[in-house]
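The values are calculated or read from the model by the stated rules, or taken from the named source; none is laboratory data. What you see is a predicted model; the values in this text were computed from it and never measured. Note that we place each Cβ from the backbone using ideal geometry, even for glycine, and neighbour counts take in every protein chain shown. Surface areas here come from the heavy atoms of the whole protein model, side chains and all, with no ligands, DNA or RNA. Shrake-Rupley method; radii C 1.70, N 1.55, O 1.52, S 1.80 Å.
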Amino acid sequence: DTPYISILLYPGATTMSVSTESGRDSLIGYVKFLNASDGSKGRALVPLATEGETHLVAPHIASNGYWTTDVAVMNSGDGDTNVRFLAYNGAGSLISSVEYLLKAKQNFVSEASDIFPDIPTGGIASMKIISLNGQPICGLMLYGTANGLQLAGMPLYPAVASTIYLPHIACFGKWNTGIGVMNAGFMEEEVSFYLMNGNGEALSTRTYHMNPNQRLSITLTNLFNYDVFQNARYVKIESSGGQPLSGIYLLATSDGFRLTGDAMGF
């Protein structure tokens with residue numbers, strides 16, 4: 001817990017780095033965010049970044065009367081950088097662009113809807129975040145409900161793969177799975193969604209034409225035929241022309257208490 005790490009009690013401390021004295025690459029870790037609201041089951045575990053990138057993608061932003069999305073971005077480099085935040089609507093159109101100066105090791109934390117004061121709440125579907133001066137940046141997102149009962153978190157990554165995976169689905173009883181997938185490339189693309197069984201066989205397939213920077217947000221039960229879920233194990237998502245994809249998934253219960261999620265693997 002941060003109260004037991006004396007350096008984090010220093011007034012104004014907002015970020016932390018950890019390294020071995022030997023210099024060997026032997027560390028791995030995570031940060032846990034806890035929602036202390038009464039009745040909340042929210043626990044967000046986010047892996048600690050081990051190296052920075054210059055381009056990050058937030059493929060799904062949920063910001064309306066029920067959901068909120070918080071974004072944290074850190075300049076992990078040794079020099080200052082201007083960081084550009086690009087906001088897109090669901091169809092992939094650029095709707096706003098702002099820049100913030102981040103000094104070395106400085107972080108920027110904000111609710112997504114507050115980053116772009118000219119955009120109405122709920123208008124942002126996805127974001128790209130670019131370090132304009134070549135300094136590495138890292139970041140994370142936190143999804144939560146306005147009542148404070150549900151919480152999920154995940155790291156921000158660049159979009160580098162044309163095939164991404166949702167390794168586990170939960171679509172029975174009180175559980176459901178939602179996804180947010182973005183065509184993060186610069187060309188239109190046919191994106192196919194495959195519901196797979198344990199033998200690697202496709203049980204159901206859906207294909208969508210997606211514009212550059214367009215995002216699809218949907219639950220798996222609305223995406224595929226419900227009667228095939230009994231044997232379903234995971235989802236494969238593939239762009240036909242090689243454009244990079246970025247995606248997240250959220251597993252939630254219908255009682256409004258439990259939520260977890262992560263970035264899709266590749």
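Residues of region 88-104 being part of a loop (DSSP other than H, G, I, E, B) and open to solvent by 20 Å² or more (accessible area, probe 1.4 Å), which ones? Across region 88-104, the qualifying residues are Asn89, Gly90, Ala91, Ser93, Lys103, Ala104. Among the residues of region 72-84, is there at least one that is surrounded by fewer than 15 Cβ atoms within 10 Å (Cβ to Cβ) and within 28 Å of Leu34 (Cα to Cα)? Taking every residue of region 72-84 in turn, none turns out to be surrounded by fewer than 15 Cβ atoms within 10 Å (Cβ to Cβ) and within 28 Å of Leu34 (Cα to Cα). At least 1 residues being open to solvent by 20 Å² or more (accessible area, probe 1.4 Å) and among the acidic types (Asp, Glu) is the threshold, and among the strands (runs of 3 or more DSSP E) wholly inside region 105-181 those reaching it are 107-111. Just one of the numbered conditions (1) at pLDDT 95 or above; (2) out of contact with any Gly (no Cβ under 9 Å at 6 or more places or on another chain) is not true of Gln230: (1). The residues on offer are Tyr157, Tyr208, and the sole one that is within 30 Å of Gly256 (Cβ to Cβ) and touching a residue at least 24 places away in the same chain (Cβ under 8 Å) is Tyr157. Before we move on, is Asp255 closer than 29 Å to Lys32 by Cα and of a type in the set (Asp, Glu)? So Asp255 passes the test.
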